Amino acid sequence: MIQIPDESILLAPGALHLSLYDMVHRQKGNCLNIQIFSVETYIRTLLPQAGPSEIETLYACQAALRALPETNSFSASRADLDFLKACLRFLKLAALYGIERFPETTRKERDLNEVLTLLGPVPLGVPTRADLEAIDVPYTKIFILPTEWTFEQSYWIDFLLAHGARLLENETKSEPPVYLSCANARKQMEIVADRILERRLPATDVFVALADPGDQEVLAQIFDAHRIPYTLLRQPQTTTVPDRFLAGLRYLRQPDKETYLALIQALYPEESAPVVRYLNHFDGIELDAIPYEDNALISERRYLTWQQEELDAKAWMESHRALQAWTRHDVEALAAEIQATIPEPTEEDLNAFDTIVQNYASIASQIETGDDFSLFIQFLERASFAQTAQSLSGVLVGTRQEISPLRPTTFFLGAHAKVFPALSMYSGIFDESFLAHTTFPPLKERLNKQRQAIFSTLGACAELTIIVPQSDYAGKSLEASAELESWVAKRPTFVNIPDVFATTVPGFDLDPGQAQSLFFKNGRHTTTFSKVSTFEQCPLRYYLRYGLALNRPKTQDDIRVDGSLLSRVLQRARTLRNATFAELTRDQIRSLVAEEFAFAKKIFPSRTAAFDSLIVEYGARIHDLISTLEIFEDRLHLALLNKEYELDQGFGWKDVSVEMKGPIEKYDPMKVSFLVVDPALEEAGIFDDKGGLGVFDLSLKQHAVPQSAFKVNYRTTQPDAIEMSETQKNDEVSLQRFVDGWAVQDLPPAAQDPLLEKVLKKVPTYTEKEEKMQSKVEQALERLAQGDILPVHEKSACVYCPYKIICRNGASTKEKGERA
Ligand code: SF4
């Protein structure tokens with residue numbers, strides 16, 4: 001237990017101030033006459049004048065480096081925040097340690113020297129040892145909480161201790177640390193929860209330090225599940241104020257379409273969505289003035305939606321016209337708009353707003369052009385606006401840097417070899433090899449100091465339990481830290497506790513009444529090929545899509561080539577100058593395809609080049625496909641009617657009347673069905689589009705096949721090779737395409753032909769397909785009636801599933817051959 005001395009000044013990391021106040025209050029009944037600071041803040045308060053803010057100093061450095069010659073290898077980095085910060089940090093160290101001479105052996109060192117010389121006159125606002133020695137400091141009242149300090153902090157702590165300050169000693173004798181290991185990172189947290197509950201530890205006596213701060217969310221989940229109260233010392237950042245400022249400043253720096261879109265998305269995330277869609281797709285195009293033209297790519301309904309969106313977007317932009325007139329002088333207007341768009345700000349919002357406005361005010365006079373915002377933008381991008389805890393309750397959760405003797409029981413989690421001790425060294429431009437040539441304390445001395453600070457902090461904890469995982473969340477093994485083992489002087493003891501949540505999986509059952517009302521309303525059920533495929537992919541997805549009718553996000557904005565292009569081109573090709581398919585040239589087909597793309601080119605002019613290449617591609621593919629039809633026309637003397645096979649059939653299942661509708665197969669843009677019709681009837685203008693002679697499927701599979709160049713005859717005494725003519729080769733290709741591409745269905749015996757026999761046996765008939773689909777529908781209905789919607793899914797079904805964000809924990813992959 002730490003005893004807080006009366007009338008003292010306590011120095012501790014900022015995140016622990018609230019805990020310290022809590023302790024002071026418990027010991028003294030009030031916090032009068034006790035002051036609590038972080039080391040840096042206390043040192044700064046001792047000086048008569050407040051130094052410049054960090055951003056002011058950075059702007060001053062940037063201005064000083066304008067004189068850097070282009071020949072200097074760092075001239076391109078003079079406006080880079082990381083570079084300026086590295087220089088600033090080094091200059092502050094140099095001021096503390098009195099380093100006056102810098103190395104000059106290599107080109108890099110000489111260039112750096114030039115940079116440092118230019119930065120020399122910039123006021124750093126860093127107090128020095130001499131500054132403090134010149135004033136009266138109440139050293140004997142200063143008490144320092146032992147924690148793991150950074151190298152810069154330990155400079156001042158050593159100074160204060162040397163002048164009479166003292167450490168806040170833990171009067172309770174420390175017990176030897178408990179060192180445990182467990183299977184994985186999550187288990188460590190389970191162990192902590194289990195120990196707290198099993199030993200009935202008061203939550204307010206416990207501190208949990210995470211070696212990896214990323215584990216904070218997992219720990220919070222486990223504490224929530226066990227109902228253990230806790231406080232995160234570092235709260236996750238939730239304010240959107242910095243992002244709003246950043247979007248605004250980027251727009252003020254460079255007002256263009258991209259930054260405007262980012263600005264309206266940041267300021268008005270919901271109402272700007274249609275505007276962003278409109279500007280992304282149709283900026284500069286007056287859809288209102290372009291009438292719809294019938295085409296294969298964009299339906300009239302979709303076009304009307306876009307025209308309506310255009311009207312809405314223009315009305316919105318008109319009502320927010322002021323944004324488009326903003327210039328670099330309008331930071332105040334931006335701040336006012338941010339205030340207006342957050343009508344009920346949280347404390348975190350207010351703090352972030354205040355910090356940003358204050359920082360901006362300190363450099364506002366330096367902003368003369370839009371580019372001058374760049375450094376401030378970088379500064380905000382890197383800044384953290386996460387708050388420390390505003391109130392305390394239960395277990396305190398922090399990091400290794402907050403381990404202290406403040407609470408009697410400490411758990412230290414995740415200290416495996418990769419993250420412990422992880423002593424810090426200088427890297428980047430002013431790295432250890434640069435520092436080694438200065439009078440800065442040697443690396444070995446600094447590492448020893450850090451090691452000593454870490455282990456003396458751990459040693460000061462009254463009761464310390466260290467837990468290390470043997471593998472990470474991905475199952476990759478983690479090594480124990482050799483330094484930790486040698487400090488504890490033993491190997492960790494493996495602990496396993498059962499995971500109480502392992503057997504808790506969400507339920508996926510519907511009661512029969514629900515199933516009845518969702519899927520068999522009024523004794524009817526309508527199904528399609530796509531619905532049955534969805535059930536086979538994943539029953540839960542089927543339930544969400546067709547039971548709860550949760551719509552998938554719609555991609556209204558883009559256009560895509562679907563089967564209607566092929567279908568329309570074929571229909572128009574047939575009537576083109578009354579030509580047969582075989583007579584149509586590649587150019588004629590290409591111009592038919594181009595006509596289908598003409599409207600899309602008109603409303604998406606920026607995509608003309610992409611459309612042109614699609615026209616060439618589809619023109620060639622459709623021509624190749626059409627040329628196969630010659631066999632029908634010339635050799636089989638049949639006429640073709642482009643018509644897709646559609647299901648329209650009903651059957652009874654139990655007491656339910658089931659209807660199957662729509663296409664019978666998966667969508668394929670390069671597949672087309674034809675009805676074979678009697679040419680005599682067609683000539684007479686009679687089209688029996690219900691039956692015809694049969695239905696053919698044609699799909700184009702483009703792949704290279706070997707082609708014979710010679711016919712070799714081995715029957716003669718002297719083997720003979722005869723070169724194939726171009727016509728022979730083309731005939732063979734067409735025949736091969738016919739055999740590979742065509743699948744004939746339902747052909748009546750009267751239309752038999754040796755060529756057709758070659759393709760007749762290849763695929764199931766439509767009747768067989770219908771029977772198969774009916775049996776799948778019956779299986780699905782059986783399971784739906786039982787309320788079975790378990791997410792047992794096809795292997796890759798989840799990858800593109802629109803419901804994956806709401807589908808958790810229960811998914812399991814279907815085994816090969818397993819029923820859906
Ligand atoms: S994410 Fe996977 S398991 Fe969940 S509904 Fe989609 S397909 Fe089914």
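The values are calculated or read from the model by the stated rules, or taken from the named source; none is laboratory data. The structure displayed is predicted, hence computed values, not measured ones. Positions of Cβ are backbone-derived with ideal geometry, glycine not excepted, and every protein chain shown enters the neighbour counts. Ligands, DNA and RNA are stripped out before the accessible areas are found, and what is left, the full protein with its side chains, is counted by its heavy atoms. Shrake-Rupley method; radii C 1.70, N 1.55, O 1.52, S 1.80 Å.
Here are a few things to note about the model shown:
- Degrees between helix 241-253 axis and first principal axis of the chain (Cα, 0 to 90, nearest 10): 70
- Net charge of Cβ neighbours under 11 Å - reference A94; Lys, Arg +1; Asp, Glu -1: +2
- Charge dipole (debye, nearest 20) of segment 54-126; +1 at Cβ of Lys and Arg, -1 at Cβ of Asp and Glu: 80
- Summing Cβ point charges (Lys, Arg +1; Asp, Glu -1) relative to the Cα centre of the chain gives a dipole of roughly 1780 debye.
- Relative to the longest principal axis of the Cα atoms of the chain, the long axis of helix 54-64 lies at roughly 80 degrees.
- Here is the list for segment 771-808: GluC sites (Glu not before Pro) lying in DSSP coil, each with at most 16 other C-beta atoms within 10 angstrom of its C-beta, are E794.
- Of the residues A436, I589, C182, the one whose Cα sits farthest towards the positive end of the charge dipole of the chain is C182 (charges of +1 on Lys and Arg Cβ, -1 on Asp and Glu Cβ, taken about the Cα centre).
- Degrees between helix 273-282 axis and first principal axis of the chain (Cα, 0 to 90, nearest 10): 60
- Mean sequence separation of contacting Cα pairs (under 8 Å, at least six apart), scaled by the length of the chain, corresponds to a relative contact order of 15 percent.
- Those chymotrypsin sites (Phe, Trp or Tyr not before Pro) in segment 376-480 that DSSP places in a loop and that have at most 14 other beta carbons within 10 Å: Y473
- Label point 7 Å beyond Cα of T346 along Cβ direction - residues of segment 388-402 with amide nitrogen under 15 Å: 388-391
- Listed by chain and number, the aspartates and glutamates placed with their C-alpha closer than 13 angstrom to that of K444 are E432; residues fewer than eight positions away on the same chain are left out.
- Counting DSSP beta bridges with both ends in the chain, the antiparallel % (nearest 5): 45
- For the chain, accessible area per residue (1.4 Å probe, heavy atoms of protein chains only), Å²: 53
- Cα Rg, Dmax, the chain, angstrom units: 38.3, 121
- Fully extending the segment from R302 to E198, taken as 0.36 nm per residue of separation minus the present Cα-Cα distance, adds 31.1 nm.
- Within the accessible area of segment 241-382 (1.4 Å probe), percent carbon and sulfur: 47
- Placing unit charges on the Cβ atoms of the charged side chains and taking the dipole of the chain about its Cα centre, the candidate lying farthest along the positive direction among Y278, L119, Y97 is Y97.
- Selection among A325, V658, Q718 by position relative to the dipole of the chain gives Q718 as farthest towards the positive end (Cβ unit charges, Cα centre).
- The trypsin sites (Lys or Arg not before Pro) of segment 399-484 that meet both conditions, a loop assignment by DSSP and at most 14 other Cβ atoms within 10 Å of the site Cβ, are K418, K476.
- 222 nm mean residue ellipticity, helices alone, for the chain (DSSP H n ≥ 4; -39,500 (n - 2.57); rounded to 500): -13000 deg cm²/dmol
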